[in-house]
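Here the structure is laid out as structure tokens; the discussion comes afterwards.
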Amino acid sequence: MAFAVSIRMLFVLLFFLPLSATSQPYRNVTLGSSLTANNANSIWLSPSGEFAFGFQQIIPGGYLLAIWFNKITERTIVWSANRDNLVQEGSKVQLFADGRFELSDPRGQQIWAATLSGVGVAYGAMLDTGNFVLANNSSVVLWQSFEEPTDTLLPTQTLNQDGRLVSSFSKTNYSRGRFLFTLQTDGNLVSYTRNFPMDDVIFAYWSTQTMGSGFQVIFNQSGYIFLVAKNGSILNFVASNAVSTSQFYQRAILEYDGVLRHYVYPKYAHSEGGRAMAWSTMDFIPSNICTRITQSTGSGACGFNSFCSLGTDQMPNCDCPVGYSVVDPNDRMSGCKPKFAAQNCDEEARETDLFSFIALPNTDWPLSDYAYFHPVTEDWCRQVCLDDCFCTVAIYRDGNCWKKKYPLSNGRVDSNVGGKALIKIRNNDATV
């Protein structure tokens, strides 16, 4: 739904339109220049030193060619060239004499190259906007990182039709992950779950419903993020809580949990608002990703057999039921596995006396059911699941009983739904 915008607000928003790439001060990166991935940490700085272009070591022996905020302790990455393919020490990025801009491994094998829109590259530059550009002698930009975003948008950056952000796989793994934010060619701005590891999408969990009108997403210097039509009229605010870019570093990132968040970080210890010297959230969409994703294939907002709940900090938490453990301790969205042996299906040894239930209020795994009964009592629902070796969870709510089996998907806690999930586990695992 489009939002009404006052004349005063419209003036503020449209006055601070994105700056052109060449209107910013810059330091030339001359033809023939190169950087090597090693402990020397050589970088190309923007004039203010606020942004750096170079290699960051992500894991021992693994480097990412990236752009990051250079004046904060976190050195937060905003763009990368080789997110799916970390390079070894000794790899090199080079601006060749003929204008080619390439990343190669220690053997000289090309890993990534900039796709130029023309010929005659004369220099490169790391701008104070966080944009790295390649330009000709007339300062016409032939390639820029702003046109090939990874998971982040910065003030003065735009997202055009068919532009996209792809989340990282996890907090520490920068490779492409499970979620996509894109301005489609039909004008609709949409967040999708991805059919990971493929590039196709599964489920749209947020959109502006602007088919036929959405033209460009703008992150302006005032800190607003909004979708405009081709005539410049504002159709939708993606982030409407703004602070000054002169006082705060800012970024909008599609995070690994599928939430698009607008973050700010004070540039000075006494910036307006008295915020801590750390990234803090200004806005985010959707408001509750746990309840927004209900897909027929895939795991949902969290991994299979886990459930999603919104914390007091409005961050989604992915948890395992009692008796289950996370598949990959380094990836909280990897799903959960039972810590006990499955129930025996032999008629003579159903082991019904060895299993019991743990109740989780307001919890459900929609679309994972294979049997439904109504009207029944909770005791009846428990027993029908206990007698069925395929039943791993029963949902009981208002006289309704659903039986579910592995893998459980779309798990969430939703106080608006009510009822309870009855988790079947072996008796020796029935401890909280």
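The values are calculated or read from the model by the stated rules, or taken from the named source; none is laboratory data. What you see is a predicted model, and the numbers here were worked out from it, not measured in a lab. When we count neighbours, we look across all protein chains shown, and the Cβ atoms used for this are built from the backbone with ideal geometry, even at glycine. Ligands, DNA and RNA are excluded from the accessible area calculation, which covers all protein heavy atoms including side chains. Shrake-Rupley method; radii C 1.70, N 1.55, O 1.52, S 1.80 Å.
Things worth noting here:
- Considering only Cα atoms, the convex hull volume of segment 291-432 works out to 113 Å³ per residue.
- In a fully extended conformation the segment linking residue 406 and residue 34 would gain 128.7 nm over its present Cα-Cα distance, using 0.36 nm per residue.
- Accessible surface for the chain, divided over its residues, is 45 Å² per residue with a 1.4 Å probe.
- A straight chain from residue 74 to residue 288 at 0.36 nm per residue would run longer than the Cα-Cα distance by 74.3 nm.
- Distance (nanometres) between label positions extended 7 Å along Cα→Cβ at residue 196 and residue 347: 4.4
- Accessible area per residue (1.4 Å probe, heavy atoms of protein chains only) ranks 58, 234 as 58, 234, with the largest value leading.
- Amide H within-cut-off set for residue 122, under 5 Å, with H built and near neighbours excluded: 135, 136, 137
- Using the Cα coordinates of segment 210-363, the gyration tensor eigenvalues translate into equivalent-ellipsoid semi-axes of 44, 20, 11 Å, sorted from longest to shortest.
- Ranking 304, 345, 392 by Cα position along the charge dipole of segment 279-432, where only Lys, Arg, Asp and Glu carry charges on their C-beta atoms, puts 304 farthest toward the positive end.
- Per residue Cα convex hull volume in Å³ - calculated over segment 119-160: 79
- For the chain, excluding the exposed loop sites themselves (chymotrypsin sites (Phe, Trp or Tyr not before Pro), DSSP loop, at most 15 other Cβ atoms within 10 Å), the longest remaining stretch covers 97-267.
- Size of segment 46-157 as Cα extents on the principal axes (Å, biggest first): 42, 34, 22
- Sorted largest first, extent of segment 285-345 alpha carbons per principal axis (Å): 44, 25, 18
- Reach of residue 337 by Cα under 24 Å, taken over lysines that are not fewer than 8 positions away in the same chain: 171, 403, 404, 405, 420, 424
- Other residues lying with their Cβ under 15 Å from the Cβ of residue 136 contribute a combined charge of 0, Lys and Arg counting +1, Asp and Glu -1.
- Put a plus charge on the Cβ of each Lys and Arg, a minus charge on the Cβ of each Asp and Glu, and nothing anywhere else: the dipole of the chain about its Cα centre is then about 920 debye.
- Positive-end residue, the chain charge dipole about Cα centroid, Cβ charges, pick of 333, 86, 288: 86
- What the Kirkwood sum gives for segment 43-86 is a hydrodynamic radius of 10.6 Å, with every pair of different alpha carbons counted.
- Scanning residues 5 or more positions from residue 203 or on other chains, those with amide H under 5 Å from its amide H are 193, with H placed 1.01 Å from N in the peptide plane.
- The order of 270, 262 by accessible area, most exposed first and with a 1.4 Å probe, is 270, 262.
- Surface accessible to a 1.4 Å probe, residue 377 within the full protein complex, Å²: 80
- Length-normalised contact order of the chain in % [C-alpha pairs under 8 Å, at least 6 apart]: 10
- With the convex hull constructed from alpha-carbon coordinates only, segment 141-182 shows a mean projected area of 3.6 nm² over all directions.
- Compactness of the chain as Cα Rg over 2.2 N^0.38 Å, two decimals: 1.15
- Cα coordinate range in segment 108-195, projected on the principal axes (Å, largest first): 42, 36, 24
- Model label sites at residue 296 and residue 390, defined 7 Å from Cα along the beta-carbon direction, differ in position by 1.9 nm.
- For 126, 277, 315, 282, the ranking by accessible surface with the largest value first comes to 277, 315, 282, 126, using a 1.4 Å probe.
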